[in-house]
Amino acid sequence: MILTLACPDRRGIVAAVSTFLAGRDCNILDAQQYDDAETGRFFMRVVFDPAGGTADGLREAFTAIGAEFSMTWTLRDPAQRYRVMILASKTDHCLADLLYRWRIDELPMEISAVVSNHGAETFQHVDLKGLPFHHLPVAKDTKLEQEAQLWALIRETNTDIVVLARYMQILSDGLAAKLEGRCINIHHSFLPGFKGAKPYHQAHARGVKVIGASAHYVTGDLDEGPIIEQDVERISHRDTPEDLVRKGRDIERRVLARALRWRLEDRVLLNGRKTVVFTD
């Protein structure tokens, strides 16, 4: 089982959690915690052997402690995998990478659907065999109708997490709000610099020495959501814009995969405009 919690910091939180688990013969396998001195909030992730207890039973019993410490908390059996919907546009490298990692069980999830604003013929180099694929075309005057279809699909498929794997459509404020803390985007730049179109060309024109990518939660503020993971790679004056695009694809793949895996393993906790990430 995995227990995560966030609450105002005060004495006795760790003692209460460990006493609760010990009193039910649960064995703690891993525990990580963080006290944010700036916000006065406490964060914790505990992995434990439930000793035959069920997630529902433990959740019911833990409710009193959660209320006592004003906690926002989750308790989940990792055997119950999150259902993930992947959205992509014409660029397919992140989609292909996530599906490969899923097939070799590196990403412990169930794929509820693959969705694109382009038809399946766009993804000739991606193995979509056996996966539910949905083509939801969008135009400027049909954006709200398309998002209504997308939201209905998310609900019908019981999707827990939405991943924008280079889905080149900006979500409306309304949909972003509905997906708060549940929608991960890969931004093809090291935020907050070089926003907008052709970031690698912008970077090349400025003679940058590193390029990067950022995985973040989607909010109503474009590319301003809480960052989960970032990475960079050094470049030189010899690199062309095409070299930057090629290297950028590799960074985007690994950054998005790490961010999603950490989310699937309940390692990412929201902390206002930031995140607390208990890496492995």
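Values computed for the structure shown
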quantity: Ascending count of other beta-carbon atoms within 10 Å, so fewest first, for His216, His93; calculated: His93, His216
quantity: Normalised contact order of the range 82-277, rounded percent, pairs of Cα under 8 Å and 6 or more residues apart; calculated: 20 percent
quantity: Stretch gain in nm, segment Ile104-Ser18, where the contour uses 0.36 nm per residue and the Cα spacing is subtracted; calculated: 27.5 nm
quantity: Set of aspartates and glutamates with alpha-carbon distance to Lys198 below 16 Å, sequence-local pairs under 8 removed; calculated: Asp223, Asp239, Glu242, Asp243, Glu252
quantity: Cross-link table Lys178/Lys274; Lys143/Lys209; Lys178/Lys247; Lys90/Lys247, entries beyond 29 Å C-alpha to C-alpha; calculated: Lys143/Lys209; Lys178/Lys247
quantity: Choice from Ile111, Ile161, Ile13 with maximal GNM fluctuation in the chain (Cα, 10 Å cutoff); calculated: Ile13
quantity: Rounded to the nearest 20 debye, dipole of the chain from Cβ charges on Lys, Arg, Asp, Glu; calculated: 620 debye
quantity: The range 134-166 versus the range 1-54: alpha-carbon centroid distance in Å; calculated: 36 Å
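Values quoted throughout were computed directly from the atomic coordinates according to the rules given, and no laboratory measurement underlies them. If you're wondering where the values come from, they're calculated on a predicted model, not measured in any experiment. Neighbour counts are summed over all protein chains in view; Cβ atoms, including those assigned to glycine, are modelled from backbone coordinates with ideal geometry.
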